[in-house]
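Colleague: Before I ask anything, here is the structure I am working with.
The values are calculated or read from the model by the stated rules, or taken from the named source; none is laboratory data. This is a predicted model, so every value here is computed, not measured. When we count neighbours, we look across all protein chains shown, and the Cβ atoms used for this are built from the backbone with ideal geometry, even at glycine.
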Amino acid sequence: MTSLALLTLEVADPTAAEAFYTASGLAAHVRLRAATDEPSEGFRGFAVSLTVAQPADVRALVGAAADAGATVLKPATKSFWGYGGVVRAPDGTVWKFASSAKKDTGPATGRVEQVVLLLGAGDVAATKEFYVGRGLVVARSFGRKYVEFTGSGSGVTLALYGRRALAKDVGVPADGSGSHRIALGGDGAASFTDPDGFVWEPAAVTTAR
């Protein structure tokens with residue numbers, strides 16, 4: 001069985017990236033390592049989503065990220081489904097902050113309720129079957145549009161979104177090529193690559209780097 005234990009971002013400048021993630025308060029959710037020379041252009045096909053309790057927490061996250069050097073792709077604002085905002089870190093990683101609540105019940109708490117890795121899939125149904133075959137359990141599924149798997153003990157949840165739909169959701173063009181610039185640390189013993197080119201590594205190996 002495979003479950004998602006941790007996320008490792010591959011960055012061109014580890015020192016600058018570490019400074020950003022420390023200043024923005026996002027360092028607890030990812031690990032960093034130097035990127036290879038493989039090119040990476042445009043949308044990298046994924047976003048890291050943090051679910052929080054209320055709008056004040058969304059605004060705090062967007063503000064802290066922007067102050068640390070992130071580009072705001074979607075300002076924190078109310079929507080039909082709740083409240084959210086999207087930023088792009090200086091290393092290129094897209095972060096989405098969201099709450100199902102539309103009104104605050106108090107000041108920002110700084111507490112993150114759920115971390116979700118959203119992978120953009122070319123064929124959501126096919127990639128879903130791939131992961132089910134590796135032992136992941138489906139928690140929610142909306143046909144070929146969205147699939148969410150049961151969260152792991154690490155607190156990281158894996159979800160699949162149509163690539164173009166994900167790009168639209170976070171406010172970027174869907175085109176992109178080359179490295180995804182992310183490695184998924186799994187609790188399995190072997191490395192593998194999913195149908196959309198996302199690489200999984202044993203979490204112990206990822207941690208050791």
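Colleague: If you go through region 107-145 one residue at a time, how many are farther than 24 Å from PHE192 by Cα and touching a Leu at 6+ places or on another chain (Cβ under 7 Å)?
Modeller: Result for region 107-145: 1.
Colleague: I'd like the full set of residues that are within 24 Å of VAL30 (Cβ to Cβ) and part of a loop (DSSP other than H, G, I, E, B), limited to region 93-131.
Modeller: Once the filter is applied, which keeps residues that are within 24 Å of VAL30 (Cβ to Cβ) and part of a loop (DSSP other than H, G, I, E, B), region 93-131 yields THR93, SER100, ALA108, THR109, GLY110, ARG111.
Colleague: Working carefully through the options ALA76, ALA65, find the one that is more than 18 Å from ALA183 (Cβ to Cβ), part of a strand (DSSP E or B), of a type in the set (Gly, Ala, Ser) and touching a strand residue (DSSP E or B) at 6+ places or on another chain (Cβ under 9 Å).
Modeller: Result: ALA76 is the single residue among ALA76, ALA65 that is more than 18 Å from ALA183 (Cβ to Cβ), part of a strand (DSSP E or B), of a type in the set (Gly, Ala, Ser) and touching a strand residue (DSSP E or B) at 6+ places or on another chain (Cβ under 9 Å).
Colleague: Name the pairs: first residue in region 1-26 and of a type in the set (Phe, Trp, Tyr), second residue assigned to a helix (DSSP H, G or I) and surrounded by fewer than 22 Cβ atoms within 10 Å (Cβ to Cβ), Cβ to Cβ under 9 Å, at least 6 apart or on different chains?
Modeller: PHE20/ALA27; TYR21/ALA27; TYR21/ALA28; TYR21/HIS29
Colleague: Assuming THR8 fulfils every condition listed in (1) out of contact with any helix residue (DSSP H, G or I) (no Cβ under 7 Å at 6 or more places or on another chain); (2) under 26 Å from GLY110 (Cα atoms); (3) not in a helix (DSSP H, G or I) apart from one, which condition is it?
Modeller: It fails just one condition, (1).
Colleague: Checking ASP196 against (1) loosely packed, with under 14 Cβ neighbours inside 10 Å; (2) charged (D, E, K, R); (3) at pLDDT 90 or above, which single condition isn't satisfied?
Modeller: Against the list (1) loosely packed, with under 14 Cβ neighbours inside 10 Å; (2) charged (D, E, K, R); (3) at pLDDT 90 or above, ASP196 comes up short only on (1).
Per-residue answers, yes or no, for (1) among the acidic types (Asp, Glu); (2) more than 22 Å from LEU9 (Cα to Cα):
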{"residue": "LEU50", "(1), (2)": "no, no"}
{"residue": "ALA56", "(1), (2)": "no, yes"}
{"residue": "ARG59", "(1), (2)": "no, yes"}
{"residue": "ASP67", "(1), (2)": "yes, no"}
{"residue": "PRO75", "(1), (2)": "no, yes"}
{"residue": "LYS78", "(1), (2)": "no, yes"}
{"residue": "TRP81", "(1), (2)": "no, yes"}
{"residue": "VAL86", "(1), (2)": "no, no"}
{"residue": "ASP91", "(1), (2)": "yes, no"}
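Colleague: Would you be able to say whether some residue in region 34-44 is in contact with a Gly (Cβ under 7 Å, 6 or more places away or on another chain), in a loop (DSSP other than H, G, I, E, B) and surrounded by fewer than 17 Cβ atoms within 10 Å (Cβ to Cβ)?
Modeller: So far as region 34-44 goes, yes, one or more of its residues are in contact with a Gly (Cβ under 7 Å, 6 or more places away or on another chain), in a loop (DSSP other than H, G, I, E, B) and surrounded by fewer than 17 Cβ atoms within 10 Å (Cβ to Cβ).
Colleague: Another question about this same structure. What number of residues in region 132-157 are outside any strand (DSSP E or B) and either surrounded by fewer than 17 Cβ atoms within 10 Å (Cβ to Cβ) or at pLDDT 95 or above (or both)? Spell out the reasoning first.
Modeller: Filtering region 132-157 down to residues outside any strand (DSSP E or B) leaves 132-137, 143-145, 150-155.
Next cut, either surrounded by fewer than 17 Cβ atoms within 10 Å (Cβ to Cβ) or at pLDDT 95 or above (or both) only: 132-135, 137, 143-145, 150, 153-155.
Residues in region 132-157 being outside any strand (DSSP E or B) and either surrounded by fewer than 17 Cβ atoms within 10 Å (Cβ to Cβ) or at pLDDT 95 or above (or both): 12 in total.
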